[in-house]
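Coordinate-derived values only; no laboratory data. Only a predicted model underlies this, so the values are computations on that prediction, with no experimental measurement involved. Reconstructed Cβ throughout: ideal geometry from the backbone, glycine too, with neighbour counts over all protein chains shown.
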Amino acid sequence: MSEMMRVLYPVSHHKKAIFGGPDDRQITVIVPAHNEAASVADTINSLLDQTLPPAKIIVVDDCSTDGTGDIARALGVTVLRPDKNTGSKAGAQTYALSLIDTEFTIAIDADSILAPDAIQNLFQAIRNSDVAAASGYVLPRYVKSLWERGRYIEYLFAFSFFKPIQDHFERPLISSGCFSIYRTDVLREIGGWSNRTLAEDMDLTWTLYATGHKVRFVPEAVCYPIEPHNFHFLRCQLRRWSHGFNQNVILHWRNVLEQPFLRATVAVLLWDAIVTGALMLFALPLLSILVNPLFVLGYVIDLPIIAVPVLVEGLRRREFGHVLLSLPAYPVLRMVNTTIMLQAIWLELVRKQSLRVYEKGH
Amino acid sequence: MSAGLPATGVGGALYLLLVVWMVLRELTGPAKGNHSARSRWPFIGKMVAISLVMVVVVLGERLLIQGVLKVAVEHMPGLAIYATLPSGSFVLLMAAMPFILLLLLMTCLHVLRLALASKSEASRDDLANASQSP
C-alpha cells in the first residue's frame, strides 16, 4: 500500500527537510485496533510515509485475536495490549494517553490511511495556541458498493459545504474521530476520550467548546477510512453514530444552548432528523398512495441541490464521473440513515433506552 | 444528513443564511474595527457561488417538472388529474416555509435558554437567602 500511496500522491520528499526543525517530532499517534489485521499495516505505512513524521506511533492492540499486534510490531511501532478488552475506541485511546510525552496527540482509526501531507496540514492549524483540536477531510478509501457510494456523496457534501461553513464560524460540529490532532495537555485536562457516549469524538469536541477551546477543520488534511461495504456493518456504524449523537445531546444540551452557532446546527440536525425522517417514512408513502403519486418525487427532490457542491468538488478532485455515478446511491443511504436515526431518537430521547454496546462498523 | 426537504427541512435554509451572514460579517467587519482578512474572500466567494447555483437549480427543477408534466399530459390526457400544479402563491409559501420554521425553531431555543437562565438565577437567589437567614 505504501508504494500505491506514492503513486496516488506523488509528494516530493523535500518537504520532509522543511519540517526537520523544532516542529518535527512533537506528535504521537495513537492507533486503537481490535482485530484490524487486514488494515493496520496500511495505516502504519501511511503514517511512516508522512511529510511530517510523528515522533512515536502507538498501536493499542485491544485484545485482538487475529495477530493485529504482531503485524504492528513487525513494522517497528510501539504496541500496547491491555489486560482485557477496553470495550470501545475511547477506552483504547485513553489507555495510551498516559504514555504520551509529546505536545500533540493524533488519533487515527486502524482502518484509515492518510494523504502523505495530512499530518503536516493538520499540524499547521494546531500550532495556534488557542486551538485544542483539528480534524481533516474524510473520504471513503473504497467506493464500490452501494453503501460506499452513498457515503462518498455524503462525505463530499458534508466536507465541502457544511463543514467549511461551520469552520468559518469556528464551530465545526465534530472533530472526526477517525483522524484528529489534539493538544495533549488539554486532552489530559478533560480526562481523555470518554466512553460515556458512543460518539466519543462528538463528546470530546463539545466538551472542548464548553471549556473555552477552539476546534478547527482543515480541508487539506485528507484521511481515507474503510467505510461499511455491506448493510450489516453499515447498520452497526449508523446505530452507533445515531445513538451517540442523541446521547451527546442529552449530556451537553445545557452547554450547547449557550453557544449560538452550535445550538443552531444541532437543533437543525435534530429537526431534520425528526421531521424529514417522519415525512420520508410515513407521510410521503401515504400521500403518494392516497393523494398523488407525484409525492414520491419528495425522496429525490433535493438531490440536484446536493449535487451542486458535490459535483464542484468532484471536478476539483478530477472524480467527476465517479461522483455522477455515485449520486443515485445517496437517497438510498439517506433512507437508511433516516430510519436508524429516528429509531435512535425514539429509544434515547423518548424511551430513555440508551445503547451502550460498542458495535464495530466494519 | 440532509439538505432539508423543500418546505419542511430547515438544514438547507440555515446554511444558505449562514453564507449570507458570512458576506455581511466580512463587509461590516472593517467598520466595526475588525480587519476583513483578504484570504477569506476566495472561500466566501466560492460558497456564495455554490449557494446561488443551488437556488438556480431549485428554480430550474421546478421548471423541468412543469415541462415534463406538460408533455406527459399531452401524450396521456388521463394523467391530467395528477398533474395539477400548485398556484404561484402556494409555491412561494412553500419556499418561505423552511425559513419561517427556522426562525420559529431559533426563537424557541432562545426562549428556552432565557427561561433556564432565569430559573437558575432564581434558585441561586433562593440559596443565597437561605444561607443568610439565621
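Got at least one residue in the range A:203-213 being of a type outside the set (Asp, Glu) and within 14 Å of chain B (Cβ to nearest Cβ)? Within the range A:203-213, not a single residue is of a type outside the set (Asp, Glu) and within 14 Å of chain B (Cβ to nearest Cβ).
For first residues located in the range A:58-80 and farther than 18 Å from A:THR28 by Cβ, partners that are of a type in the set (S, T, N, Q) and lie 6+ apart or on another chain with Cβ distances below 8 Å form the pairs A:CYS63/A:ASN85; A:SER64/A:ASN35; A:THR65/A:ASN35; A:ASP66/A:ASN35; A:THR68/A:ASN35.
Checking each residue in the range A:250-300 for being of a type in the set (Gly, Ala, Ser) and at the interface with chain B (Cβ under 10 Å from one of its Cβ atoms) picks out A:ALA264, A:ALA267, A:ALA273, A:GLY277, A:ALA278, A:ALA283, A:GLY298. Among all residues of the range A:324-338, there is at least one that is out of contact with any Lys or Arg (no Cβ under 8 Å at 6 or more places or on another chain) and over 18 Å from A:PRO140 (Cα atoms). I'm checking my understanding of the structure. Among residues of the range A:204-233 that are surrounded by fewer than 23 Cβ atoms within 10 Å (Cβ to Cβ) and of a type in the set (Gly, Ala, Ser), which one is farthest from the chain's Cα centre (by Cα)? Selected residue: A:GLY212. For A:ARG356, the conditions (1) within 22 Å of the chain's Cα centre (by Cα); (2) part of a helix (DSSP H, G or I) are fulfilled apart from (2). Among the residues of the range B:65-84, are any away from chain A (no Cβ under 13 Å), under 20 Å from the mean Cα position of the chain (by Cα), more than 21 Å from A:ALA264 (Cβ to Cβ) and assigned to a helix (DSSP H, G or I)? Looking through the range B:65-84, none of the residues is away from chain A (no Cβ under 13 Å), under 20 Å from the mean Cα position of the chain (by Cα), more than 21 Å from A:ALA264 (Cβ to Cβ) and assigned to a helix (DSSP H, G or I).
Within the range B:92-134, restricting attention to residues that are under 21 Å from B:LEU16 (Cα atoms) and β-branched (Val, Ile, Thr), the residue that is surrounded by the fewest Cβ atoms within 10 Å (Cβ to Cβ) is B:THR107.
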